[in-house]
Amino acid sequence: MEPARAACRGGEPRTGVLAHLERLEAEAIRSRKQLEQQAEESALESKINKLRSLRDQLRADVKRRQATIEASTANSEPNRMAGIDEPEDLQRKQENMKGILQAYHFTGLSGKLTSRGVCVCISTAFEGNLLDSYFVDLVIQKPLRIHHHSVPVFIPLEELSAKYLQTDIQHFLFSLSEYLNAYSGRRYQADQLQSEFADFLAGPLQRNPLCNLLAFTYKVELKSQSFPFCARLMYKDITVTLPTDVAVTCQAGEPSTSQEEQRVAHENLFRSKPLHQVFALFAKKGEKLDMSLIS
Amino acid sequence: MDSRRAELRALEAEIAALRRACRETPAPVGDTAQARTSLQEIYRLDSQGWGTSKDLRSHVGHLESELLFLSRLTGINIINYSKKTEERASTKMAEESLTKVLERHRLSGHCQMISFQLEFQILEIQNKENLSSVITDLNIIMEPTEYSELSEFVSRVEERRDLFMFFRSLHFFVEWYEYRERTFKHFQEKYPEVVRLSEGASSSSMTVQSASLPWYELVIVWRIQIDAEGKVLPKLDLLPKVPKQALELDKNRVIQTAPLSFRTLLSVLGIEATLESLVTCLCPKEN
């Protein structure tokens, strides 16, 4: 009230109560405006502060990202960093990378990018012999999808992909590779027996598609007499290449002691060595076989 | 006031630009979990560059991302590779012609933390009907460091000349190794007062010891074994360490049969729950 009264006294003598009230009102409006402006200013200030800290955060983030990119490119290509990007260098680099891409075949898993994803090649081998390859064509989207594949029906691909395809692609691929390599390995052993040691076989070798059940009759010379044995090999775990269950029986009635010894020795051999290697032993040792087997 | 507004606008513009920059540069890939899931991203990044200019530089760029993609897909990084080929004089039989080619390969790289260097020979024999390829010699050089569990496996692989088994088992070994590390770390963080890792994070054993029973100690030894067929299997054992006097008092032979009971528990509960129940046994009670 103090300033209003002062204005009244010294300013305009003719003013009445109404004018005084008007003046008071104007005063109030002015101070309200001032308050509003202050509030606006402080809001602006705090917004600016917020934005500043956000900017600093983003700046740091961008810097970090760029640093990692630079670090990774510096690791893989020192040439570019040094500014020597001559065509010869590029050429050499290109050849080098092509070589490495091919070298992935030796890991057993390789891949070629396609327009939709990647076609993974799974190679198989048995003890150094490079065998068949299989492919799984993956469409890269969420979720990952198998478009085509050449995996035989009796390999549990569905089960494996349901379990691991979405969560752990590496585990999926290596598990599939384990199944395929075991299958290839069993088939290779059976094929080798049929092609290399046909003379030992009496009749055809019987097998199921998965090659985890093999049955055959074979003859082994014993004291210049030929004895027929029946073998039944079962691979209960289809990710292995050595049989889990082996049964060898003598075909000709009641076996003699030496025949029984042979039978047991053969069972042990089939359990511990690849099939064709057992027959290679039979072929090499001939009649002396029984001696070495007992030890 | 106006200058404040101008600053605000400038800030907003800069933030928008930075956001754009963030979107364009891929986030740094740190841990393996992220590395495993970013397959889609790499693929997308790579396919963007397709079909553009066909000059050498872009081709090299394309090869680069294809390599990155393969290393993420397989978890195996090949750093160096070289190959020498020599054609062996073909032995001419009467009717069939054989061509023999011997390739010498040298390859080095790593699978997560494990580095390897391989040297192998492949003999290719081509006759009229078919082509056969055989690995005739395989040498694996690995630094004999903390992964002693691998050394026996490596010599077996060399003997069998089974390259694919090497990489497959190596992958599964690393998987188990990381799992062991994570599990032990989890227990140490959850029960710091009773769980001790004697050899640090990559320890193969974990010691459980309660402050209220300082003479009583349980050691869990977790080995990762690779069998003759290349299968990687965890093998966990419990070693109770108890003073002699306590053993004499143990009429029911609880301590002596503990390792066996531990095995049974493992087969029923699995690794994590078994360890959990063992650790909580020795934990000081809350109340």
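The values are calculated or read from the model by the stated rules, or taken from the named source; none is laboratory data. Note that the structure is a prediction, hence the values are computed from the model and not measured. For neighbour counting, all protein chains shown are included, and Cβ atoms are generated from backbone atoms with ideal geometry for every residue, glycine included. Areas reflect the complete protein model, heavy atoms only, side chains present, ligands, DNA and RNA absent. Shrake-Rupley method; radii C 1.70, N 1.55, O 1.52, S 1.80 Å.
What do you get when you divide the Cα radius of gyration of region B:77-144 by 2.2 N^0.38 Å, with N the number of residues?
Numbers: Rg = 15.8 Å, N = 68, 2.2 N^0.38 = 10.9 Å.
It is 1.45.
The residues neighbouring B:LEU138, those whose beta-carbon lies less than 10 Å from its own, together hold a net charge of -3 under the Lys/Arg +1, Asp/Glu -1 convention.
Restriction of the chymotrypsin sites (Phe, Trp or Tyr not before Pro) in region B:172-226 to DSSP coil positions whose beta-carbon has at most 11 other beta-carbons within 10 angstrom yields B:TRP215. Past 27 Å, Cα to Cα, is the threshold; run B:LYS84/B:LYS128; A:LYS284/B:LYS84; A:LYS236/B:LYS100; A:LYS98/A:LYS163 against it and keep the listed order. A:LYS284/B:LYS84; A:LYS236/B:LYS100; A:LYS98/A:LYS163, as the Cα separations exceed 27 Å there. Against the compact-protein benchmark of 2.2 N^0.38 Å, the Cα-based radius of gyration of region A:154-295 scales to 1.23. In this Cβ point-charge picture (+1 for Lys and Arg, -1 for Asp and Glu), region B:172-213 has a dipole of about 100 debye about its Cα centre. Size of region B:175-282 from its Cα atoms: along the principal axes, largest to smallest, the extents are 44, 30, 22 Å. Couplings 3J(HN,Hα) for region A:196-209, derived from phi with the Karplus relation 6.51 cos²θ - 1.76 cosθ + 1.60 (θ = phi - 60°), are 9, 10, 4, 4, 7, 8, 9, x, x, 7, 9, 8, 8, x Hz, where x marks Gly and Pro.
Provide A:GLU41, B:GLU119, B:GLU248 ordered by accessible surface of protein heavy atoms (probe 1.4 Å), highest first. Could the numbers behind the result be given before it?
Working: A:GLU41 85, B:GLU119 55, B:GLU248 130 Å².
I get B:GLU248, A:GLU41, B:GLU119, largest accessible area first.
The residues neighbouring A:ILE155, those whose beta-carbon lies less than 15 Å from its own, together hold a net charge of -2 under the Lys/Arg +1, Asp/Glu -1 convention.
Across the protein chains, with a 1.4 Å probe defining accessible surface, the residues B:ASP2, A:ASP237, B:ASP250 rank B:ASP2, A:ASP237, B:ASP250 from largest area downward. With one equal scatterer per alpha carbon and no solvent term, the Debye-computed log10 I(q)/I(0) for region B:140-214 at 0.15, 0.17 1/Å reads -0.63, -0.73.
Taking only Cα atoms of region A:102-203, what ratio of Rg to Rh do you get with Rh as the Kirkwood inverse-distance radius? That ratio equals 1.07.
With a 1.4 Å probe, how much accessible area is buried between chains B and A, both sides summed, in Å² to the nearest hundred?
Numbers: alone 19610 and 19880 Å², together 32710 Å².
Roughly 6800 Å² of accessible surface disappears when B and A pair.
Taking θ as phi - 60° and the Karplus parameters 6.51, -1.76 and 1.60, the scalar couplings of region A:259-276 work out to 5, 5, 4, 4, 4, 5, 4, 5, 4, 5, 4, 4, 6, 10, 10, x, 3, 5 Hz in sequence order, x denoting glycine and proline. Taking amide H atoms as placed 1.01 Å from N in the peptide plane, the amide H of B:ASP137 lies under 5 Å from those of B:GLN121, each 5 or more residues away in sequence or on another chain.
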